[in-house]
1. Looking at A145, A113, A91, A117 in this structure, which one is at negative phi and under 16 Å from the mean Cα position of the chain (by Cα)?
2. Condition first: touching a residue at least 12 places away in the same chain (Cβ under 8 Å), charged (D, E, K, R) and crowded, with 16+ Cβ neighbours inside 10 Å. Can you find one or more residues in region 226-233 that meet it?
3. What number of residues within region 194-223 are in contact with a Leu (Cβ under 9 Å, 6 or more places away or on another chain) and assigned to a loop (DSSP other than H, G, I, E, B)?
4. When E348 is evaluated against the numbered criteria (1) open to solvent by 90 Å² or more (accessible area, probe 1.4 Å); (2) at pLDDT 90 or above; (3) under 21 Å from T72 (Cα atoms), which criterion, by number, is the only one it fails?
5. Cβ contacts < 8 Å: first residue within 12 Å of V80 (Cβ to Cβ) and charged (D, E, K, R), restricted to region 103-120; second residue open to solvent by 80 Å² or more (accessible area, probe 1.4 Å) and outside any strand (DSSP E or B), any location; separation 6+ or different chain. Result?
6. Taking the options A215, A199, name whichever one is surrounded by fewer than 24 Cβ atoms within 10 Å (Cβ to Cβ) and more than 18 Å from T308 (Cβ to Cβ).
7. What is the residue count in region 117-126 for residues that are buried (at least 16 other Cβ atoms within 10 Å of the Cβ) and not hydroxyl-bearing (S, T, Y)?
8. Look through region 24-64, keep the residues that are loosely packed, with under 10 Cβ neighbours inside 10 Å and either among the aliphatic types (A, V, I, L, M) or under 23 Å from L122 (Cβ atoms) (or both), and return whichever of them is modelled with the lowest pLDDT.
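The values are calculated or read from the model by the stated rules, or taken from the named source; none is laboratory data. Everything numeric here is computed off the predicted structure, so don't read it as measured data. Counting neighbours? That spans all protein chains shown, and the Cβs are built from the backbone with ideal geometry, glycine included. The accessibility values were calculated without ligands, DNA or RNA, using every heavy atom of the protein model including side chains. Shrake-Rupley method; radii C 1.70, N 1.55, O 1.52, S 1.80 Å.
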Amino acid sequence: MTAQVGVEKARVTIRHVAASAGVSPTTVSNLLNGRDGRMLPRTRQRILRAISELGYQPNLVARQLRTGEVRTIGLVVPSVANPFWGGFARAVERETLQHDYQILLCNSERDPARERAYVDELWSSGVRTVIIGSSLPSLEHLEHAMQRGLLLIAFDRESQPDDPPGLVTVSVDNRLGGLLATRHLLSLGHRRIGFISGAIATVSRRQRLAGYREALGDSGIPFSEELVWANGGEQGFGDVDSSGRGELGMRALLRLQHPPTAVVTINDMYAIGACAAAREESMRVPEDVSVVGFDDIVLAGLFNPPLTTVRQPLQEMARYAIDIVRERGHDEDQAASVVMAPRLVTRESTSPLPEHLDA
């Protein structure tokens, strides 16, 4: 039975899709080849529904032989062990499938040598577009690929003065995110606020820390190095074991002579680990210590207590990146950058400073 289903799907052509959607084969072809800028949304949805119901699979090998184009995008992320990166990969895939692209996913753990090796391998396979999410301050290790014609889109990283020509950057305003998280805690009466992160050696993390410091300064609160835990001096970014690093950071801060009454964490997995450490120290969240995350992953709203966090507009960011791929030629030198606004999502992991706690 399974084999028969496979045979039937293999026989589905553009003409079958067109007949099912009530459009011409040319209209279907326009959608599949990214020429749908003037197409009515309802027409696009009918075609996509027909493709899904009929199980139509474009002949990518034939297209590559005909056009010389590989409709595949490389996606290099630190690690899908962090659900944020899994969510981003899903958002990118959702956009690519609408335009008949495929993605190849690579986990780099922010290692420049590994990133270079992945990009070189993707290039040798004919891939000419890579989205990279490491947020490293320098992308010099990938400049050689860009000089050969690679379209590189840096995600979660605002443009930097020494970026290679032609680099596209797509990021949330990380400084504003850190500012929103810290201001929220300040508005609840907290004055001794900690910051928990992996190594602060990426553009995005530096900006989130800058937002935290700015909010404290605006409220006349001196910045304290002892309230910032950044891997405890260990090497690595903490992408694979982020919840464990969050536990370590929270435990260290809570054992200070004057511990914080609230913490801002670098992402939601760190926040989840921080909450676990608080429980281990016989402290309640948020009654004894408030916790704010960053990203708003799916687990944030399901966790107990549900996390207050800073939401990134992942789908909009993925859409912008794929629109760049569709609309821009690979021989352009003009960089394109966008910085989108984050949003604070208030849930139950934060509360006003209790009277029994000394701010």
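1. A91
2. No.
3. Looking only at that region, the number is 7.
4. Here E348 meets the rest and fails (3).
5. What qualifies is E109/V240.
6. Matching residue, one of A215, A199: A199.
7. Taking region 117-126 first, the residues buried (at least 16 other Cβ atoms within 10 Å of the Cβ) are 118-119, 122-123.
Now narrow it down to the ones that are not hydroxyl-bearing (S, T, Y): 119, 122-123.
The number of residues fulfilling the criteria is 3.
8. First, the residues of region 24-64 that are loosely packed, with under 10 Cβ neighbours inside 10 Å: 37-38, 40-42, 61-62.
Subset that is either among the aliphatic types (A, V, I, L, M) or under 23 Å from L122 (Cβ atoms) (or both): 40, 61-62.
Working: L40: 88, V61: 48, A62: 52.
Ranking the candidates gives V61 first.
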